[in-house]
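Notes follow the structure.
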Amino acid sequence: MIRLKKLSLFRGSKQLLNQVDLTLYPDHKIGIVGKNGCGKSSVFQMLQKELSPEQGELEFPPKWIISSAKQETPASELTAVDYVLTGHQEYYSLQQQLIKAEQSEDGHAIANVHAKLEAING
């Protein structure tokens, strides 16, 4: 799990986080939303150890891999959601299998893919 304990983060003189306590559990998918300049990208930079908090603790298992999609991405035919989902390779692959199974009306394959999606909390 990722844990923030009494964490404060500044960019210049602007305080982005103030004494935040937060726990993010494995397999949970979250979104971070906010106005331009409020610190969303800075939070991701901190999670990727590109920025350090001014105070508090950031903890997550050392073997974990944190990945993110860049703000500026290459031109693509994919929707924004599909582009982000390609980062979760197993989930994206299963979604593609599900589309094919549904198009061919293969009930057994559809059930099989749904079972696999359930197993990865998709």
When you go through (1) exposed (fewer than 10 other Cβ atoms within 10 Å of the Cβ); (2) of a type outside the set (Ser, Thr, Tyr); (3) at negative phi one by one for Asp27, which number turns out not to apply? (3)
State the number of residues belonging to region 62-120 that are at pLDDT below 85, surrounded by 10 or more Cβ atoms within 10 Å (Cβ to Cβ) and of a type in the set (D, E, K, R). 1
Every listed condition ((1) over 13 Å from the mean Cα position of the chain (by Cα); (2) free of Cβ contacts under 8 Å to residues at least 12 places away in the same chain) holds for Thr86 save (1)
Among the residues listed as Leu4, Leu17, the single one being more than 29 Å from Gln89 (Cβ to Cβ) and of a type in the set (A, V, I, L, M, F, W, C): Leu17
Filter region 14-59 for residues that are under 19 Å from Gly87 (Cβ atoms) and of a type in the set (Val, Ile, Thr) and give the result. Ile30, Ile32, Val33, Val43
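Considering each residue of region 47-61, count those that are touching a helix residue (DSSP H, G or I) at 6+ places or on another chain (Cβ under 9 Å) and either among the charged types (D, E, K, R) or surrounded by 11 or more Cβ atoms within 10 Å (Cβ to Cβ) (or both), and give that number.
So the answer is 5.
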All positions within region 95-122 that are in a helix (DSSP H, G or I) and either under 29 Å from Val43 (Cβ atoms) or touching a Pro at 6+ places or on another chain (Cβ under 6 Å) (or both): Gln95, Leu117
Out of the residues in region 19-72 that are among the polar types (S, T, N, Q), over 26 Å from Ile120 (Cβ atoms) and in a loop (DSSP other than H, G, I, E, B), which is nearest to the chain's Cα centre (by Cα)? Gln71
Being under 21 Å from Gln89 (Cα atoms), surrounded by 11 or more Cβ atoms within 10 Å (Cβ to Cβ) and either assigned by TED's automatic domain parsing to the domain that holds His88 or in contact (Cβ under 8 Å) with a residue 12 or more places away in the chain (or both) narrows Phe10, Phe44 down to just Phe44
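The values are calculated or read from the model by the stated rules, or taken from the named source; none is laboratory data. What you see is a predicted model; the values in this text were computed from it and never measured. Counting neighbours? That spans all protein chains shown, and the Cβs are built from the backbone with ideal geometry, glycine included.
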